[in-house]
Structures are given as C-alpha cells and as structure tokens.
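Here the structure is laid out as structure tokens; the discussion comes afterwards.
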Amino acid sequence: MKVTDFEGKTVYIVGGSSGIGLSAATLLAGYGSNVFIFARGKERLEDALAKIDNSKKSGVQRSGFKQLDVTDHDQVNKVMNEAVEEFGAPDILINSQGRAYPNYFEKITYKQFDETMKVHIYGDWNTVTALLPHMKERGGYVVNVTSVLGFMGAFGYSDYCPSKYAIIGFSEVLRSELKRYGIGVSILCPPDTDTPGFKVENLTKPPETVAVSEGGGLMQPDEVAAALVQGIKKGKFFIGPGSVRVLWLAKRLVPWLVDLYMDHQVKKVRKDSTL
Ligand SMILES: NC(=O)c1ccc[n+]([C@@H]2O[C@H](COP(=O)([O-])OP(=O)(O)OC[C@H]3O[C@@H](n4cnc5c(N)ncnc54)[C@H](OP(=O)(O)O)[C@@H]3O)[C@@H](O)[C@H]2O)c1
C-alpha cells in the first residue's frame, strides 16, 4: 500500500505542533495536502498552523488544529470524531507525539514510566482506534513514529525504549491486519534529531548515554520528514532516515557487536560515576 500523490489528501498529524511532526506538516502542505495537527498546547498549535499556512501550495488547501492529550482515551475519541465531522476523515495519520527524559533506571519513577508508556504506545492505540472506523471506508496510510531506540535498548532509556519497542510490535500487527482495508502502515525510526524535544531530552542525559550516542550525528527535522514522505510513497514498512538502516541491520545480524560498542562507550565514562 502506498500513497504516491499527496495533493488534496487529508493528513492528520498528532504531535504536529513541534519538531518532526511540524516538519512533516509543512512539507505535506507544500505538496498540496490538507493538513490538520493535534497536540496539547494551544500556543504552539497556533504558531505551527501559521507555518503550515505559509507552506501551502494553493489557496484551496484546508488546515486546522485541535487540542488533544493522546493519553486520554475518551478525549481522543471525542476530539477525533469532532475532527472528522469538521475536517473530513484522514487519508494519512501520522503519530509523532512524544517525550524523552533519559536517566538512570533507579532515578526513573513509576509515574514517569507510566506517562511515557501512555504518551507513546497508548497514544498510538488511542488515535488509531478512534480513526480506523473512518479510514477503513476508503483506505489510507498510518505512520507511527518510534525511534532507533525502538529496536535497540540503550543506557538511560528504561521507560522510553519499552514504549518505543511496543510501537513496533503494534505497527507490525496493524500492517498485517489493515491491508484488507487498503491501509498501509509504516514505522519511522529517527536517530537523534535537532528538535525542541531533543533539547529537553539532553537536559537529563547521564554521561554514559551521551557517550553511547556519540558519533551518531544529528539530523535535521526536515531531513527526517523528507524520509518519512519518501517512505510513504514507496510503501516501506521500515523508514530509517540517514544511516539508521545500517544500525537496524547490525542489531539483527550482529547484536553482540552493537552491545560490545555500547558497553565500551559506557565503560569509558563509568570511572567517576557514583550510580
Ligand atoms: N528528536 C529526536 O531526536 C527523536 C529521535 C527518535 C525519535 N523521536 C520521536 O519522534 C517524535 C517527535 O519527536 P520530536 O523530537 O519532534 O518532539 P517535540 O519537538 O517535543 O514534539 C513533540 C510533539 O508531541 C506533542 N505531544 C507531547 N505529548 C503529547 C500528548 N500527551 N498528547 C498530544 N500531543 C503530545 C507536543 O505538543 P504538546 O506538548 O503541546 O502536547 C509536540 O507537538 C516522538 O515520538 C519522539 O519520541 C525523536
């Protein structure tokens, strides 16, 4: 299943007010899509909508936003049903909401673990269940944004990694089940990407985490969004921007080598650590 022409398509982007979601929103507006974004904060949604409107290819394109917290199942159902009434059913749904507060396992509270799981995997479950009844009538596409850390457990991410691994499992099932409705499914696995969310992520990173990601480089959200759009065009399940595909293959073919590298990086900074 692929979408080869984005002109006139209705796109819903959850987490579309910032970072990768916002870059995807402006890119798709430039291709002629009707783009609607969803997130919690009204101010960022308003600013993002102005950017989307500036990127539109023509005056007939529609756009808009709705405030929504993906962790709230009932609210997602209500808001998405209102959105379908107002904006029309989406041809493409992109789930790009997220957050990351890396830290030592012993410093991550149950509350943080619970919230991270709810934003990522429960969030995806909530939006897909709310919109599937509307999407299956004419087919479409779903992209769930996971991460390199959705297939690789790394130091400092004991809440984030499980939530992102879960998205891959969920998406594999959806890929198989939604084919019969003409709905394609992809996972986007970004590497470190220069977004507002990434700046927050850096605030709590233990030095070992910094060392593990050293040398991985930093992509720009526009580059990641371009890979996302190409992935939808090709109907690829796995979308790995930049060199992520190499990492994906390494993790599958030589997992011991990946572990060896990560252990080596951790060991380099462990000497002075008290935890
Ligand atoms: N940047 C990276 O290095 C990187 C790497 C790998 C994967 N990713 C993944 O890529 C996705 C986008 O990340 P980003 O870096 O672009 O993040 P970002 O700049 O922080 O943007 C996150 C978006 O998600 C929304 N959001 C957060 N919690 C939400 C909630 N409970 N309900 C609804 N919306 C919510 C935010 O708006 P509000 O806060 O206003 O709700 C915002 O629009 C995430 O899934 C992230 O895990 C990012």
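The values are calculated or read from the model by the stated rules, or taken from the named source; none is laboratory data. Just so we're clear, the structure is a prediction, and the values are computed from it rather than from any experiment. Using ideal geometry, Cβ is built from the backbone for each residue, glycine included, and neighbour counts are taken over all protein chains shown.
Before moving on, here are some points about what is shown:
Rundown of residues vs (1) more than 18 Å from the chain's Cα centre (by Cα); (2) more than 24 Å from Ser23 (Cα to Cα), yes/no style:
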site	(1), (2)
Thr71	no, no
Lys78	yes, yes
Ala83	yes, no
Gly88	yes, no
Asp91	no, no
Asn95	no, no
Ala100	no, no
Tyr104	yes, yes
Thr109	yes, yes
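- Within the range 135-161, the set of residues being buried (at least 24 other Cβ atoms within 10 Å of the Cβ), within 9 Å of the ligand (Cβ to nearest atom) and hydrophobic (A, V, I, L, M, F, W, C) comprises just one member, Val145.
- Any chance Trp256 is more than 16 Å from the ligand (Cβ to nearest atom), more than 22 Å from Ala48 (Cβ to Cβ), assigned to a helix (DSSP H, G or I) and not β-branched (Val, Ile, Thr): yes
- Taking (1) within 17 Å of the chain's Cα centre (by Cα); (2) part of a helix (DSSP H, G or I) in turn, Gly242 satisfies each apart from (2).
- The number of residues in the range 202-226 that are surrounded by fewer than 20 Cβ atoms within 10 Å (Cβ to Cβ), within 16 Å of the chain's Cα centre (by Cα), within 12 Å of the ligand (Cβ to nearest atom) and not in a loop (DSSP other than H, G, I, E, B) comes to 2.
- Subset of the range 119-130 (residues that are over 21 Å from Leu203 (Cβ atoms) and out of contact with any strand residue (DSSP E or B) (no Cβ under 6 Å at 6 or more places or on another chain)): Ile121, Tyr122, Gly123, Trp125, Asn126, Val128, Thr129, Ala130
- In the range 176-201, residue farthest from the chain's Cα centre (by Cα) [restricted to those that are away from the ligand (no atom under 14 Å from the Cβ) and part of a strand (DSSP E or B)]: Ile183
- Top-ranked residue of the range 19-46 - restricted to ones that are more than 18 Å from Asp194 (Cβ to Cβ) and charged (D, E, K, R), ranked as nearest to the ligand (Cβ to nearest atom): Arg40
- Some residue of the range 178-191 being without any contact (Cβ under 8 Å) to a residue 12 or more places away in the chain and surrounded by fewer than 19 Cβ atoms within 10 Å (Cβ to Cβ): yes
- Filter result for Gly235 (of a type in the set (Gly, Ala, Ser), under 30 Å from Leu132 (Cβ atoms), surrounded by fewer than 20 Cβ atoms within 10 Å (Cβ to Cβ) and in contact (Cβ under 8 Å) with a residue 40 or more places away in the chain): yes
Conditions tested, residue by residue: (1) within 11 Å of the ligand (Cβ to nearest atom); (2) within 21 Å of Gly231 (Cβ to Cβ); (3) free of Cβ contacts under 8 Å to residues at least 60 places away in the same chain.
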position	(1), (2), (3)
Leu93	no, yes, no
Gly98	yes, yes, no
Asn103	no, no, no
Glu106	no, no, no
Thr116	yes, no, yes
Asp124	yes, yes, yes
Thr129	no, no, yes
Pro133	no, no, yes
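- Leading residue by the ranking (farthest from Val269 (Cα to Cα)) among those in the range 200-242 that are small (Gly, Ala, Ser) and touching a Gly at 6+ places or on another chain (Cβ under 8 Å): Gly235
- Cβ-Cβ contacts under 7 Å between residues 6 or more apart (or on different chains), taken from a first residue in the range 21-42 that is modelled with pLDDT of 95 or more and among the aliphatic types (A, V, I, L, M) to a second residue that is in a strand (DSSP E or B) and away from the ligand (no atom under 13 Å from the Cβ), are listed as Ala25/Val35; Leu28/Val11; Leu28/Val35; Ala29/Val35; Ala29/Ser63; Val35/Val11; Val35/Ser63.
- Any chance Ile52 is touching a residue at least 60 places away in the same chain (Cβ under 8 Å), of a type outside the set (Ser, Thr, Tyr), under 19 Å from Gln97 (Cα atoms) and touching a strand residue (DSSP E or B) at 6+ places or on another chain (Cβ under 7 Å): no
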